[in-house]
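The values are calculated or read from the model by the stated rules, or taken from the named source; none is laboratory data. Everything numeric in this text was worked out from a predicted model, so none of it was measured. Cβ sites come from the backbone with ideal geometry, for glycine too, and all protein chains shown count toward neighbours. Calculation scope for accessible area: heavy atoms of the full protein, side chains included, ligands and nucleic acids excluded. Shrake-Rupley method; radii C 1.70, N 1.55, O 1.52, S 1.80 Å.
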Amino acid sequence: MTNKLLPDHPAVAIDTVPAPHQSLWRRALAWEGTGLLGVLVLVFIVLCFIAPNFFTAANMLNILQQAAFFGIVAFAMTLVIVAGEIDVSVGSSAALTSSLVAYFVAKLDWPMWLSALIAILIAVAMGAMIGWLRDALNVPTFIGTLALYLALRGAAYLVTNTFPIPVESDKFFYWGSSTGKVFGIVPVPALYFLAAFIVVALIARYTVFGRSVYAVGGNANASALSGVNVRRIRVLVMCGTAFAAAITGLLQTAQLASGNSTIAQGLEFDAIAAAVIGGTAMSGGRGTISGTLIGVLFVAILLNGMVMLGLNPYVQQVVRGCLVLFAVLVNVARTRKTAAA
């Protein structure tokens with residue numbers, strides 16, 4: 001069998017994919033996300049038995065709502081990691097967006113739509129700058145976004161003076177608060193989450209840009225020689241995470257009814273962990289949005305389960321740190337297995 005590359009997954013050879021005539025069961029077993037899906041189901045079942053009120057309709061919807069707050073970023077982060085880059089500034093970007101929107105509305109009396117638009121454009125401009133620095137000056141995105149991680153959070157503290165800025169807008173609250181539900185059941189942020197998954201999955205699988213992201217992550221030099229605009233790809237993927245972080249900042253502002261400089265603490269680690277647990281290779285060129293979806297649900301269910309069990313918040317921090325380490329170890333194991341194949 002030839003070693004032709006898949007159109008939406010340049011790092012995977014076609015001889016690793018089951019033939020069309022094989023059964024659905026064999027295809028399911030061959031899917032890289034099957035193991036994670038099994039672990040997710042196992043964790044879910046265990047929590048149903050040991051965590052009080054875990055398996056209730058209200059809590060299931062709450063999990064979806066909380067998953068939206070970092071899942072939207074995780075989908076965009078997947079493309080960044082696939083491209084061979086990283087973004088650790090998304091939490092600070094979300095906090096600055098929240099702070100700026102509240103400041104513009106409450107202090108300057110700007111319309112909500114204009115405040116949100118300006119805040120999003122500022123976030124996207126920061127992402128574009130990091131992408132440009134990466135390509136033009138060869139500044140690693142980890143270093144560039146680490147600088148933003150510190151600077152943007154500090155700017156958010158300056159804007160709010162570390163105090164929440166109340167925002168009065170009932171229509172705005174609908175889009176992020178627990179009272180905002182479609183048909184009185186589904187939280188609105190969950191719909192954003194679903195929409196983000198569909199859009200990013202379609203981009204990754206069916207567009208020239210999506211294929212170029214995988215190509216750049218697999219081999220940037222070869223991609224450039226093949227005519228791929230590597231700078232444009234790097235700038236756009238960094239803009240993507242910045243935009244997703246800004247949307248998350250707006251959703252959390254609506255949820256809290258205030259702009260807050262302390263929100264989204266650890267957002268970058270939850271998003272990266274979800275992407276990596278879902279099968280995205282830290283070395284770039286490999287990963288799927290469907291895998292990240294499972295990773296997001298895994299992280300969201302685990303975090304919710306710890307809350308329902310009443311674990312000490314500091315213990316939860318330890319578990320989140322171990323989860324990131326676990327994600328990295330799983331990623332290393334996958335990379336070695338792929339290299340040996």
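Remarks
- All positions within segment 140-159 that are in contact with a Ser or Thr (Cβ under 7 Å, 6 or more places away or on another chain) and of a type in the set (A, V, I, L, M): L148, L152, A156, V159
- Within the span defined as segment 114-127, one or more residues are within 30 Å of S283 (Cα to Cα) and open to solvent by less than 10 Å² (accessible area, probe 1.4 Å).
- Condition met for V324 (farther than 21 Å from A51 by Cβ and part of a helix (DSSP H, G or I)): yes
- Filter result (surrounded by fewer than 22 Cβ atoms within 10 Å (Cβ to Cβ) and in contact (Cβ under 8 Å) with a residue 24 or more places away in the chain) within segment 211-246: R211, G218, N219, A220, V230, R231, V235, L236, C239, F243
- Answer residue from segment 132-148, given it is over 21 Å from the mean Cα position of the chain (by Cα) and either hydrophobic (A, V, I, L, M, F, W, C) or farther than 21 Å from V82 by Cα (or both) and is surrounded by the most Cβ atoms within 10 Å (Cβ to Cβ) among those: L133
- Search result, residues across segment 149-185 that are β-branched (V, I, T), open to solvent by less than 50 Å² (accessible area, probe 1.4 Å) and either within 21 Å of the chain's Cα centre (by Cα) or at pLDDT below 90 (or both): V167, V182
Here's the yes/no breakdown for (1) under 23 Å from L47 (Cα atoms); (2) out of contact with any helix residue (DSSP H, G or I) (no Cβ under 8 Å at 6 or more places or on another chain); (3) assigned to a helix (DSSP H, G or I):
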residue	(1), (2), (3)
R232	no, yes, yes
M282	no, no, no
G291	yes, no, yes
A333	no, yes, yes
